[in-house]
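Everything below concerns the one structure shown next.
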Amino acid sequence: MSGIPPKPGAPGHRPPPISQWQGEFEKKVAQEFERRTGLDYKETVALIINAIDPFPGMQVLDVATGTGVIARQMVRLVGEKGRIVGVDGTDKMIEQARLAAQSAGLGRRIEWKVAKAEKLPFATESFDLITCVLAFHLLQAEQFLEQAWRVLKPGGRLLLAHELAPRGGLSPLRLTARRNYYQFIARDPGEAGAHFYSADEMVAMLLAAGFRQYVVRGLREPNKFELSFSLITAGK
């Protein structure tokens with residue numbers, strides 16, 4: 001047997017452990033995720049990947065890709081004939097994702113595009129899977145779900161991983177505290193104006209967009225006062 005390791009993207013190649021490819025920017029993302037959700041970042045990424053149920057040749061679109069963590073982890077699972085595309089709304093985020101992929105030796109296996117989630121520049125029925133992690137609350141929900149349904153193949157799936165509001169929504173006091181934190185301390189106007197949906201609202205929007213199968217799985221015990229990070233899968 002040769003002692004030469006497989007080339008990036010070849011069968012048997014695996015991306016380095018998360019701890020080895022986390023740059024400073026992604027470390028900040030991980031810290032913020034853990035502060036917000038109380039969950040371990042690496043363990044949660046692994047849970048999301050396990051929920052995808054990938055297969056060789058799978059065509060994957062990662063929407064609001066951010067640092068590209070989900071796209072990178074998918075490379076080893078879809079094989080040489082698979083396709084992975086990461087899109088985000090700004091050049092800055094796409095550049096961060098591209099650099100992280102290059103650092104992991106995966107730069108040639110992932111396509112990166114600047115595009116809005118609400119106007120995906122892809123043909124109808126192009127993808128087997130669409131993922132969107134920790135960004136749904138920042139999107140125009142109905143428009144994104146319509147686009148996701150359009151570009152998914154028949155039998156394709158949508159996987160969302162984000163925070164759901166308790167039934168009845170967050171209290172005005174908690175909403176104000178959150179808005180003030182992101183507006184004046186974190187200086188993130190997108191997060192300051194974000195809207196969170198309950199599980200019931202999420203299911204209603206999925207059905208309205210045309211999805212007919214769905215599963216909602218909370219990763220922590222529900223709390224009637226707090227947001228709950230959850231995995232939502234829906235089939236076309």
So for R0 = 22 Å, FRET eff. of residue 53-residue 124 from the Cβ-Cβ r, to 0.05, ends up at 0.40
How are the alpha carbon pair distances in the stretch 71-136 distributed across 5 Å bins from zero to the largest one, expressed in percent?
3, 15, 28, 26, 20, 7, 0
Have a look at 114, 56, 74 and report the one farthest towards the positive end of the charge dipole of the chain, computed about the Cα centre with Cβ charges (Lys/Arg +1, Asp/Glu -1).
56
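Out of all DSSP beta bridges in the chain, what portion is antiparallel? Express it as a percent rounded to 5. Display every interim value, and only then the final one.
Values: 14 of 35 bridges.
Just about 40 percent of them are antiparallel.
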Separation in nanometres of the label points that stand 7 Å from Cα toward Cβ, at residue 183 and residue 213:
4.4
Considering only the other residues whose Cβ falls under 14 Å of the Cβ of residue 201, what net charge follows from Lys and Arg at +1 and Asp and Glu at -1?
-2
Backbone N under 18 Å from the residue 221 label point (7 Å along Cα→Cβ), restricted to the stretch 162-177
166-167
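Restricting to Cα pairs below 8 Å that are 6+ residues apart, what does the relative contact order work out to for the stretch 25-108? Please round to a whole percent.
On the way: 95 pairs, mean separation 21.8, N = 84.
Over the stretch 25-108, the number comes to 26 percent.
Sorted by average packing, counted as other Cβ atoms within 10 angstrom per residue and highest first, what order do 68-74, 97-103 take? Mind showing how you got there, number by number?
On the way: 68-74: 25.6, 97-103: 19.1.
Sorting 68-74, 97-103 by mean packing, highest first, produces 68-74, 97-103.
Taking the Cα centre as origin and putting +1 on Lys and Arg beta-carbons and -1 on Asp and Glu beta-carbons, what dipole magnitude results for the chain, to the nearest 20 debye? Numbers along the way, then the final one.
Working: 31 positive and 25 negative charges, 67 e Å.
Here the size comes out at about 320 debye.
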Under the Kirkwood approximation applied to all pairs of distinct alpha-carbon atoms, what is the hydrodynamic radius of the chain in Å?
18.4
Please order 159, 77, 207 by the number of other Cβ within 10 Å, starting at the fewest.
207, 77, 159
Within the stretch 154-180, find all residues whose amide N lies under 14 Å from a label point positioned 7 Å from the Cα of residue 198 along Cα-to-beta-carbon.
164-172
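None of the figures in this text is laboratory data; all of them are computed from the coordinates on show. These figures come from a predicted structure and were not determined experimentally. Virtual Cβ from ideal backbone geometry, glycine too; neighbours counted across all protein chains shown.
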